[in-house]
1. Suppose every Lys and Arg Cβ carries +1 and every Asp and Glu Cβ carries -1, with no other charges. What dipole size does the chain come out with about its Cα centre, to the nearest 20 debye?
2. What base-10 log of the normalised intensity I(q)/I(0) is obtained for the range 424-569 from the Debye formula, alpha carbons as equal point scatterers, at q = 0.09 Å⁻¹?
3. Given a 1.4 angstrom probe, what's the average accessible area per residue across the chain, in square angstrom?
4. How many angstrom separate the Cα center of the range 168-217 from the Cα center of the range 320-399?
5. If you build the convex hull over the alpha carbons only and average its shadow over all orientations, what do you get for the range 593-660? Give it in nm² to one decimal.
6. Compare the Cα positions of G375, F438, H315 along the charge dipole of the range 307-440 (+1 at Cβ of Lys, Arg; -1 at Cβ of Asp, Glu; about the Cα centre) and return the one farthest towards the positive end.
7. Could you pull out every residue, at least 5 positions away or on a different chain, whose amide H is within less than 5 Å of the one on N72? Hs are placed 1.01 Å off N in the peptide plane, and Pro or chain starts have none.
8. Report, to the nearest 10°, how far helix 97-111 tilts away from the longest principal axis of the Cα atoms in the chain, using its own Cα long axis and a range of 0 to 90°.
Amino acid sequence: MAVTLPRPAPAAPAQAAPEYGTLPAYHGIVSWLTTVDHKRIGLMYGVSAFIFFIVGGIEALMIRMQLAVPSNTFVSPDAYNQLFTMHGTTMIFLFVMPMSVAFFNYIVPLQIGAADVAFPRLNAFSFWTFLFGAIFINISYFFDGLPDAGWFGYAPLSTVTYSPGHRLDFWALGLQVLGVASMAGAFNFMVTIINLRAPGMTLMRMPIFTWNTLITSFLLVFAFPAITVALILLTFDRLFGTNFYYAPRGGDPLLWQHLFWIFGHPEVYILILPPMGMVSEILPVFSRKPLFGYPFVVYATVAIGFIGFGVWSHHMFTTGLGPIANSFFAASTMLIAVPTGVKVFNWMGTMWGGSIRFTTPMMYAIAFVSMFTIGGLSGVMHAVVPIDMHHQDSYFVVAHFHYVLFGGAIFGLIGGMVFWWPKITGRFMDEKIGKWAFWLIFAGFNLTFGPMHFLGVDGMPRRIYIYGENQGWSGGWIYNPFGGGWQHVQWLGWNMVATIGAFTIALGVAVFIYNIYQSMRKPKSAGNDPWDAATLEWSLPSPPPIYNFAVPPVVRSRDAYWAWKRRPQAVEAGETEATLTIAGHTVGHAEFDEPVTEEYLAQEANERYIDPRSMHLPNPSFFPLVCALGLVCLAAGLIFGYALSVAGVLYLIVGIGGWALEPAS
Ligand code: HEM
Ligand SMILES: [Cu+2]
């Protein structure tokens, strides 16, 4: 029978974390260096990624400063190459990916009712390896200058012939180190999600963000080997005199493009699936309706994961692959738009007929759906080969991928930050300041990247540092009320508009950061479940205790926590199987006659803190940090001298040995 509830169950009262919230083993900074707690690792990922967001953003602002007006001399051509290369590399590998991993870490174990990830020390190793790899790429600034061959490092630009010095060595080796971090993390989350789910949480009862994490992990594991091979060959070409990529000596630059894009296209799904998962959590909560067509969203995501490996050559239509290959990749690319479109309709179906609350996270989620759709549509345009011949390397492409990466990924990630902020910090962000930040970022985003569509079809190529007055990418009319009337000025034009937009985004991000700052000064008053949310992490105190769940949660339906909050009514109804509904929409089915009923009800214990000393927890460890250091020294030695590599190997031996021999708990 159906049990309909007019209002959600009341949130549990706010409760301050008691003194024993942390374990005694280490204190202060050492406790962070040795932590294996997935929540702390998630926080460290999040903070580092956000810092790199600011770095990548400053690089973007410098690019836009240079391009604001024709014949500008704000930066040199060499600096410009470094700026766009490091802007792309930073945003992709050092911001969007690790920020998603921050949420995998913090949220996924809580969503599936686990005590931690499957391999807590491996998780710490992933983080330190990421951090050291990220710093390694950036310190090239102090030696030879920053990498400058574009984020996809095309050969032969990346060969020693065109890029002597060590810039590209820092880039290739640094990405290699980051790859190790990604692979270790991906295996960890695959094992965690497959093995550590709470009793009763079948795959089709799994929260949708966890589903996206699982699929993203598979994509990482299958995509990264391709770039690993590509980078090994590049490093051998550059350091050991082999010749894989340099055509005049018989190498094949197209080999690089194939290897890179076999990784690169799945990579764009690695970037977008986690934010899609976040949006798929946010929309139901603030529409007070379960995700519309949950199985279709899951299957569509799986389908995207598979087809994503069969479209890579759409980045290479202009390389002369021939009509057969071009037709195949055009068709496969258009095919992938189908499951993507399915998801867009599911998100709209979720909002349809819901009682929508326009909170800040919801605004970002709606912005995600609409802006991502614009970017997706221009993507389908590139799939048409003769059209792509014109788009290739123009600002139309820059507009396209920023609509998916910024309008999609970034809006999803910021929405996720605001959504889970009360869970992670116990505090609220201010809604009013949050809306100011949202509208500034949203308006700035469209001002920046909308005009790039026009510049692109007007023929403005990407990766140019300068353009002339007479090329048609500048110049506009302005009205002077003090005489002269309408006047034509050279400094005005779509490029100037884009630059003003970029600074508007920066202002919005500054307001967002202020919101974080003022929120951290407020008391922890968020309570366990401020949004009346659907998944298990919201059953815990905010911030969650170090051990996560006092009793293992028992899952009886999809949207487990929504169902659990409605259990008294379902039990009262005296039925063995109840259909739980919110605002007329089915949340889940709960079978209350199973022998675990007692345990199901015992979950109340999870709403409070208990003494963590009564819980079994993994020990902190120094060895993940030691191993990560060893790995980065090994890589750095190829540039700075082999003695450093030898030291790195010794570190690794000590690290792995100690890791193997120390007691895990
Ligand atoms: C603050 C907002 C941003 C602005 C103003 C901005 C601006 C730009 C501009 C003007 C370019 C083209 C440079 C050129 O071709 O000469 C560019 C390239 C690029 N951007 Fe952004 N961007 C922003 C945010 C992002 C984000 C959030 C991402 C990814 C998540 C991203 C990823 C990229 C990539 C991959 C490239 C290509 C780099 C290359 O050609 O090697 N950008 N950006
Ligand atoms: Cu692609």
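The values are calculated or read from the model by the stated rules, or taken from the named source; none is laboratory data. Because the structure is predicted, anything quoted here is derived from the model rather than measured. Using ideal geometry, Cβ is built from the backbone for each residue, glycine included, and neighbour counts are taken over all protein chains shown. To get the accessible areas, we keep the full protein, side chains included, count just its heavy atoms, and leave off ligands, DNA and RNA. Shrake-Rupley method; radii C 1.70, N 1.55, O 1.52, S 1.80 Å.
1. On the way: 30 positive and 34 negative charges, 145 e Å.
My answer is approximately 700 debye.
2. Here the Debye-derived log intensity ratios amount to -0.56.
3. Details: 25640 Å² over 665 residues.
The answer is 39 Å² per residue.
4. So the separation of the two Cα centres works out to 24 Å.
5. On the way: hull surface 33.4 nm².
Its average projected convex-hull area is 8.3 nm².
6. The residue sitting most towards the positive pole is F438.
7. Y467
8. 10
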